[in-house]
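Any read-out appearing in this document is the output of simple, stated calculations on the displayed coordinates, not a laboratory observation. No experiment lies behind these values; they were computed from the predicted model shown. Positions of Cβ are backbone-derived with ideal geometry, glycine not excepted, and every protein chain shown enters the neighbour counts.
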């Protein structure tokens, strides 16, 4: 079942999407044992072009990384249509340092399908229950604020708590008619102004249900704040929040925002062939002078809008 998310790149620019996935062989070839030991502390599987739980080799890929080093694994997923057995298999590969974020925007199947179209609410909740029973990993209920759920957030928090979820994460988005004319003045998804991001990217609020604490990522944010007049950009990739991003075609980008397939990022998309990990090793790409010069210039539109000093808040220096 194809899950449609209206304000996601794969729905808004579908002509640029290719149906593909990265398999175990790709990860073994790209992330060698020596590279993992020296350079890798955390990997996030987030389906910018899809959903990681539908990649056939996901569990085997996680096992591969874990067999070399106990790195932190983060999985961000819609969570639909997987069996109890599958969630148990996944749960056995995860530890207490790992986390699974379930993207759930409704309090029942009808409301959740208003944005997560074709999702299956019951299977999502069964996934949470199955994972909670078998694994000590952290579980997050990740919700985007919309008009249809703004009066049900407390109900959703109560349900999350009853399921043993560790954290409820509320995301305030920017993708509404009051900010982008393409969505129309009478945007039926737009929530109250208090639930819309005040910056050029999402903002998040957290409600923790367990005594498990989040960690402060290694960060130089205070140094950047002190020197904000020297450079208006505080790149999240530099302060421990964002990471390098590999898309479903195996191309390396500075981050997932730069990698998105909207027209204003067409320049990076053209350059991406230089960073094709099917053609070049990860070490080669990362040591490429062109890559380093472009990466550190922060001249790209996404850098200017997403990582401008004015949009930085303390939440972006934290992780879980």
Item to check | Extension reserve of the residue 34-residue 15 stretch, reckoned as 0.36 nm per residue once the Cα distance is removed | outcome: 3.0 nm
Checklist outcome for this item: Label model pair residue 97, residue 150: point-to-point distance (7 angstrom along the Cα→beta-carbon line) in nm is 4.2
Item to check | Cα principal axis extents for region 1-213, largest first, Å | outcome: 53, 41, 32
Checklist outcome for this item: Given a Förster distance of 51 Å, the FRET efficiency implied by the Cβ-Cβ spacing of residue 109 and residue 23, rounded to the nearest 0.05, works out to 0.95
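Quick check on region 1-86: take the gyration tensor over C-alpha atoms, sort the square-rooted eigenvalues as a ≥ b ≥ c, and tell me if it's rounded (a/c under 1.5), prolate or oblate.
Values: a/c = 2.25, a/b = 1.69, b/c = 1.33.
Note, shape of region 1-86 comes out prolate.
Please compute the contact order of region 1-213 in relative form: average sequence separation of alpha-carbon pairs under 8 Å and at least six residues apart, divided by the residue count, as a percent. All intermediate terms of the calculation are to be shown ahead of the outcome.
Values: 336 pairs, mean separation 34.8, N = 213.
Relative contact order, region 1-213: 16 percent.
Mind sorting 124, 62, 117, 110 by how few other Cβ atoms lie within 10 Å of their own Cβ, fewest first? Don't skip to the end; give the middle numbers.
Numbers: 124 24, 62 21, 117 14, 110 10.
By the 10 Å Cβ count, ascending, the order reads 110, 117, 62, 124.
State the extension gain, in nm to one decimal, for the chain segment bounded by residue 85 and residue 41, taking 0.36 nm per residue of separation less the distance between their alpha-carbons.
Numbers: separation 44, 0.36 × 44 = 15.84 nm, distance 2.83 nm.
Taking 0.36 nm per residue and subtracting the Cα distance, the gain is 13.0 nm.
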Checklist outcome for this item: Ranked on Cβ counts within 10 Å of their own Cβ, fewest leading, 199, 80 go 199, 80
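Taking the number of other C-beta atoms within 10 Å as the exposure measure, put 17, 252, 282 in order starting with the fewest.
Working: 17 14, 252 21, 282 18.
Ordered from fewest to most neighbouring Cβ atoms within 10 Å, 17, 252, 282 come out as 17, 282, 252.
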